[in-house]
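In what follows, a structure is listed as structure tokens, so that the remarks can point back to it.
The values are calculated or read from the model by the stated rules, or taken from the named source; none is laboratory data. All figures in this text were calculated on a predicted structure; none of them were measured in a lab. Cβ sites come from the backbone with ideal geometry, for glycine too, and all protein chains shown count toward neighbours.
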């Protein structure tokens with residue numbers, strides 16, 4: 001057989017012909033992990049800082065630094081809001097994490113989160129035209145426990161250098177307190193992407209999946225498997241957008257959330273879960289079998305699979321059932337297995353399967369929209385507006401059961417999302433400045449085109465090298481060998 005050049009776009013063609021769907025899925029995961037490690041080492045990470053202003057001669061150093069820059073400092077001193085005009089603050093996000101819950105790998109130590117936090121910064125710049133800095137912090141106190149108050153104090157201290165803060169990979173229950181306190185006490189938007197971002201994009205996917213199956217959200221029975229920051233926020237946004245709380249059933253590691261869960265009521269740190277205990281699960285379902293019987297939708301953000309969600313549970317669901325298995329890096333059930341069990345629409349958090357329901361199509365546009373109007377916070381209404389913006393964009397260009405939300409390579413979705421979020425911020429009264437929707441769209445589009453064009457030019461001129469083919473081949477052979485064992 002003729003040797004095929006390996007690219008990430010032809011992965012499905014490079015595995016042995018006798019591999020089963022399950023073996024291919026396993027091989028993809030191993031391949032991508034091994035390649036990621038090699039590529040990160042090859043490039044030394046994936047983001048860098050470069051000037052945005054020219055040096056046209058020696059004396060320009062005196063403009064960009066001392067003595068000329070003194071005038072900038074005193075102007076900002078006298079009016080802090082001028083920092084948005086005289087520095088990069090208005091387009092700069094801090095990606096803050098204590099790395100206590102990194103993807104499906106748990107506590108990775110503070111610096112262990114750098115790969116993900118740099119990844120957020122990379123996507124913000126390339127997809128949203130937003131600059132970002134990864135800040136991984138140690139939240140342990142003198143007792144050795146991760147203390148949410150330390151993260152709160154850190155963010156409040158650094159907020160004056162940034163236009164917004166993106167919280168990431170903070171374990172529950174600390175993540176609830178960190179977000180809720182900072183949203184109220186900071187003068188810039190604080191966004192928890194694991195929770196709010198995942199909820200926003202999940203809602204977008206759900207909106208279009210319901211359209212394709214001719215359902216109304218207020219009549220839909222939804223099971224949520226997992227009760228961490230993501231799923232609890234998903235539940236809150238779904239309810240805010242019209243779902244009846246009693247039609248939702250949520251599971252944590254001990255069973256369903258319901259009014260009898262005294263263990264949750266007693267632990268005040270889990271106040272978000274207790275709110276759902278009081279409002280959801282009207283029929284007081286106790287088991288997965290009870291909850292899944294005739295359920296329309298399953299949304300799982302739980303333990304990475306592929307055996308977390310059982311096929312027999314999906315077989316109990318209503319006709320044309322919708323399954324979101326969004327654990328990373330491995331879904332709770334592979335799409336082919338969910339389809340074999342009867343699911344009509346299946347989504348995961350991965351881009352190598354159809355229907356990637358992942359916050360990567362949310363946060364770049366959402367944060368861009370908030371930054372453009374210098375918002376003081378990101379409201380739930382802004383997140384819901386972003387979800388409908390994503391769903392509407394996908395519907396306009398056409399949706400089907402394997403294509404329910406936009407993908408990261410659809411460049412037009414991000415300026416549209418940013419503009420819709422900016423308009424909602426103005427409507428909600430949290431914007432410092434007013435701009436029109438046309439102005440917001442044009443500015444976001446220009447900044448995104450600049451970011452993509454800059455990256456392309458660096459690649460075209462060789463300042464960013466293409467990865468060597470040998471690197472991909474080594475990772476592929478390693479993945480095949482591991483699956484064949």
With criteria (1) more than 27 Å from residue 40 (Cβ to Cβ); (2) assigned to a helix (DSSP H, G or I); (3) touching a residue at least 12 places away in the same chain (Cβ under 8 Å), residue 439 comes up short on (3)
Residue selected from the stretch 282-305 under the condition part of a loop (DSSP other than H, G, I, E, B) and in contact with a helix residue (DSSP H, G or I) (Cβ under 7 Å, 6 or more places away or on another chain), by the criterion nearest to residue 326 (Cα to Cα): 301
Scan the stretch 469-481 residue by residue and report those that are loosely packed, with under 14 Cβ neighbours inside 10 Å and either free of Cβ contacts under 8 Å to residues at least 40 places away in the same chain or in contact with a helix residue (DSSP H, G or I) (Cβ under 6 Å, 6 or more places away or on another chain) (or both). 470, 477, 481
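Output the residues belonging to the stretch 306-329 that are under 20 Å from the mean Cα position of the chain (by Cα), assigned to a loop (DSSP other than H, G, I, E, B) and buried (at least 21 other Cβ atoms within 10 Å of the Cβ).
Residues satisfying the conditions are 326, 327.
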All but one of (1) in contact with a strand residue (DSSP E or B) (Cβ under 6 Å, 6 or more places away or on another chain); (2) part of a loop (DSSP other than H, G, I, E, B); (3) at pLDDT 95 or above hold for residue 227; state the number of the condition that does not hold. (3)
When residue 139 is evaluated against the numbered criteria (1) crowded, with 18+ Cβ neighbours inside 10 Å; (2) over 30 Å from residue 52 (Cβ atoms); (3) modelled with pLDDT under 95, which criterion, by number, is the only one it fails? (3)
Residue hits (the stretch 257-281; assigned to a loop (DSSP other than H, G, I, E, B) and under 14 Å from residue 235 (Cβ atoms)) are 257, 258, 280, 281
Is it fair to say residue 334 is at pLDDT below 95, in contact with a helix residue (DSSP H, G or I) (Cβ under 8 Å, 6 or more places away or on another chain) and crowded, with 19+ Cβ neighbours inside 10 Å? yes
Tell me whether the stretch 401-416 contains one or more residues that are surrounded by 12 or more Cβ atoms within 10 Å (Cβ to Cβ), at pLDDT 95 or above and over 19 Å from the mean Cα position of the chain (by Cα). yes
Where residue 365 falls short, out of the listed (1) assigned to a helix (DSSP H, G or I); (2) without any contact (Cβ under 8 Å) to a residue 40 or more places away in the chain; (3) in contact with a helix residue (DSSP H, G or I) (Cβ under 8 Å, 6 or more places away or on another chain): (2)
The correct count of residues that are surrounded by fewer than 19 Cβ atoms within 10 Å (Cβ to Cβ), within 20 Å of residue 390 (Cβ to Cβ) and without any contact (Cβ under 8 Å) to a residue 60 or more places away in the chain in the stretch 166-216 is 1
Give the residue that is surrounded by the fewest Cβ atoms within 10 Å (Cβ to Cβ), with candidates limited to residues of the stretch 455-468 that are free of Cβ contacts under 8 Å to residues at least 24 places away in the same chain and part of a helix (DSSP H, G or I). 460
I'm told residue 378 meets every condition in (1) out of contact with any strand residue (DSSP E or B) (no Cβ under 8 Å at 6 or more places or on another chain); (2) under 23 Å from residue 199 (Cβ atoms) except one. Can you identify the failing condition by its number? (1)
Out of 410, 395, 449, which single residue is assigned by TED's automatic domain parsing to the domain that holds residue 360 and assigned to a helix (DSSP H, G or I)? 395
